[in-house]
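See below for the structure under consideration.
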Amino acid sequence: MSAGSLSPRVLRNYWLDVALLLGFLAVFITGELQGRWHQGLAVALGAGLAVHIVWHWPALKRLPVTLLGHGGSRSRANAAVDLPLVVILVLTLASGLITSPWLTASPNHSWVFRHHVLPKLMLVGLIVHLVQHRAWIASATGRILGWNCR
């Protein structure tokens, strides 16, 4: 099988996910550096995440209902990771804006602390999310690379 056997929607989601993962890692790594690189990458990542949220909005809307038991155990396990991940994402972006030198000359230190802790929680959640979706990731990657994974 080849990338041609994947739907355009799956390919679009795959490449956006790859870009978001690389963007998150770039923002995470440059976090200690602060400055323009970190902030510029974070703004780009935020834009990419907004696209991701729009593309996956129907599934995101169902997260609270799925978490409360409407769906299979795998769906509930995914929701148990994805819902806190979305909340942590929003809090990380908000704390980044609150502490940004672009917007404030003297940020509140409690928000600075939160902005340093939240991405570490997001990294843990992201790793769990990737593990939960490893079969899809492996299948899509194999198809894109033309590997026969039978």
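The values are calculated or read from the model by the stated rules, or taken from the named source; none is laboratory data. Nothing here was measured: the structure is a model prediction, and the numbers come from that model. Glycine gets a Cβ as well: all are built from the backbone with ideal geometry, and neighbour counts include every protein chain shown. Note: accessible area is taken over every heavy atom of the protein model, side chains too, but ligands, DNA and RNA are not part of it. Shrake-Rupley method; radii C 1.70, N 1.55, O 1.52, S 1.80 Å.
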Could you report segment 1-145's accessible area per residue, 1.4 Å probe, as an integer in Å²?
63
Could you sort 55-61, 21-27, 76-82, 109-115 so that the peptide with the highest average Cβ count within 10 Å comes first and the rest follow in order?
76-82, 21-27, 109-115, 55-61
For segment 35-150, size of Cβ-based charge dipole, Lys and Arg +1, Asp and Glu -1, in debye:
320
Using Cα pairs closer than 8 Å and at least 6 residues apart in sequence, work out the relative contact order for segment 1-126, in percent.
16
Any chance you could tell me what percent of the C-alpha pair distances in segment 1-143 go past 23 Å?
42
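Computing the accessible area with a 1.4 Å probe over protein heavy atoms, can you report the carbon and sulfur percentage for the chain?
Working: 6970 of 9810 Å².
The value for the chain is 71 percent carbon and sulfur by accessible area.
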For the chain, calculated [θ]222 nm from helices alone, where every DSSP H run of n ≥ 4 adds -39500 (n - 2.57)
-27000 deg cm²/dmol
Towards the positive end of the charge dipole of segment 37-150, with charges on Cβ (+1 Lys, Arg; -1 Asp, Glu), say which of GLY40, SER95, PRO84 has the farthest Cα.
PRO84
